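Comments concern the structure below.
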Amino acid sequence: MVSSVMRSSLLRSPAVRHYAVAATAPSSSAATPEIKVLSNKVTVAAYDNNSPIAQVSIVFRAGSRNETYDTQGTAHHLRIAAGLGTSVSSAFAITRNIQQHGGNLITILDRESIAYTLQITRDNLADTLQYLECAATKQIFKPWEVQDQLPRLKYELGSLSDAALVIELLHKAAYRSGLGYSLFSPEHQVGKINSEGLLHFVNTWCTAPRCAVVGTGVSLAELSALGSNLSVESADNANEPTKYYAGEVRKETTSSLTSVAIAVEGVSLENEKEALACAILQRASGNGPRVKWGCSPSSLQKQLSSIAGSEPFGLSTFNASYTDSGLFGVVLCSTSNVVGSLTKEAVKWLKSLKISESEVARGKNILKTEVLDAADNALCLLESMQQQALLKGQVSSPVSIANAIDKVSTSDVKTVADKLVKGKLSIASLGNLKTVPYLDELK
């Protein structure tokens, strides 16, 4: 069994939904995604692509944003607890039966959703779906089993990279609560999230109107039968809107490198055209090298290179779109001697965001390539369908998204850029901070 946050590299594609992997769909013209809402308000989406491997997910619109100050870390504990004993099957029965049929049970968490996914050959799907249903909807969180997972949780916290940590700190600086709550449990909460807290979270947020059953290599009828029989509450609790505050979080460590993340409030998923324009802007601005051992051709990369001189540094633009807000900015890493100067230069760039027509064209090409390439990855395809079905109530084809990208003009991208430059700055820094400027020095 596997349990993880979203797999994409945090520097290139943070643990959030955005249009680099949104709306991917099958490359085959012989089949198209199907979607419907059942009578119990569960959304069902299927893509029967005749794959020998079936993937079925039960996904809920519940993540770290649904925590409170006192329950921070609940979503992380919930992800770690996937596959433990339920009211119907023991942890051993779930593990043994899925493994004996050659399957995998995967749990993936982000700020707005948690997905339980079964991967197995099609001929063994019927024999194992009950264990996916148990793991996702019939948890009882036996106290001793929850306690046994703590070493694993501590290991995850201890092995987090600086790139992951600085992104989490940036969200805390920008939002404080809601979207500001981390995907990872605060250290002071380890061991304090008990069975009652986990059950309360599940019963409150993992309900039918906030649920989607999504699959590839499986028919809509099979998924509809599964969705109709799910044992979940019928309440529809709305997310409390998260306010963007702008702020600063600094954390000093003994690391030889310093990581800094700077952002302004970006674009939410509510306006699809703006979200696409923002995604194009990010790729046009430089989100890492496109050639191995190469570097980004963006103007930002050139600006920072002239300041860094011979000092090594890493750089990527950052774009995270959520249902009601977003972040757009820069993540960089370098030695403590030059990181302060690099930060100041990156802020100057972020507060101007000048972009040419040729850069927009490059950004559109990169984004289209990422969208179409993601359709060839089975798990990426499934995760994309999950987010679309859960948050949009529809699943689009890659061709339609590519066409939508083509329709975004340079003026649309510049309009979004003009909107971003007026935003308030948020900054997070981690490592040796002797040269990193404070937020009030950057305004």
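The values are calculated or read from the model by the stated rules, or taken from the named source; none is laboratory data. What you see is a predicted model, and the numbers here were worked out from it, not measured in a lab. Methodologically, a virtual Cβ is constructed for each residue, glycine included, from the backbone with ideal geometry; neighbour enumeration extends over all protein chains shown. Side chains are part of the model used for accessible areas, which takes the heavy atoms of the whole protein and leaves out ligands, DNA and RNA. Shrake-Rupley method; radii C 1.70, N 1.55, O 1.52, S 1.80 Å.
For this structure, a couple of remarks:
- Expressed per residue, the C-alpha convex hull volume of the range 34-229 stands at 128 Å³.
- When peptides 405-417, 90-102 are sorted by average Cβ neighbour count within 10 Å, with the highest value leading, the order is 405-417, 90-102.
- Dipole size of the range 34-229 about its Cα centre, with +1 on Lys/Arg Cβ and -1 on Asp/Glu Cβ: approximately 300 debye, rounded to the nearest 20.
- For the chain, calculated [θ]222 nm from helices alone, where every DSSP H run of n ≥ 4 adds -39500 (n - 2.57): -11500 deg cm²/dmol
- Ordering 121, 380, 220 by the projection of their Cα atoms onto the charge dipole of the chain, which places +1 on the Cβ of Lys and Arg and -1 on the Cβ of Asp and Glu, puts 380 at the extreme positive end.
- Against the chain, whose longest principal axis comes from its Cα atoms, helix 378-391 is set at around 90 degrees.
- A simple rule links phi to the HN-Hα coupling: the Karplus curve 6.51 cos²θ - 1.76 cosθ + 1.60 with θ = phi - 60°, which for the range 335-348 gives 6, 5, 5, 10, 5, x, 5, 5, 5, 4, 5, 5, 5, 4 Hz, with x for Gly and Pro.
- A Förster radius of 22 Å combined with the Cβ-Cβ distance from residue 250 to residue 295 puts the calculated FRET efficiency at roughly 0.20.
- Shown here are the Rg and Dmax of the Cα trace of the range 247-441, at 17.4, 50 Å.
- Estimated at 0.36 nm per residue, the fully extended path between residue 235 and residue 354 surpasses their Cα-Cα distance by 38.2 nm.
- At R0 = 30 Å, FRET efficiency that the Cβ-Cβ distance of residue 138 and residue 377 yields, to 0.05: 0.50
- Taking the Cα centre of the chain as origin and assigning +1 to Lys and Arg Cβ atoms and -1 to Asp and Glu Cβ atoms, the resulting dipole is close to 940 debye.
- Descending Cα extents along the principal axes, the range 198-304, whole Å: 57, 36, 32
- Alpha carbon centroid spacing (whole Å) that separates the range 304-356 from the range 164-217: 28
- Compactness ratio for the range 90-192: Cα radius of gyration over 2.2 N^0.38 Å (N = residue count) comes to 1.31.
- Separation of the alpha carbons by more than 23 angstrom is noted, of 154/243; 172/302; 364/424; 348/419; 172/422; 351/392, for 154/243; 172/302; 364/424; 351/392.
- Equivalent ellipsoid dimensions for the range 355-400 as semi-axes, Å, which come from the Cα gyration tensor, largest first: 25, 13, 8
- Residue-normalised convex hull volume from the C-alpha trace of the chain: 136 Å³ per residue.
- With Cα atoms, 0 to 90° folded angle of helix 398-407 axis to the chain main axis: 30
- Tilt relative to the chain, helix 125-137 - C-alpha long axis, 0 to 90 degrees, to 10: 70
- When the surface is traced with a 1.4 Å probe over the full set of protein chains, residue 188 keeps roughly 110 Å² accessible.
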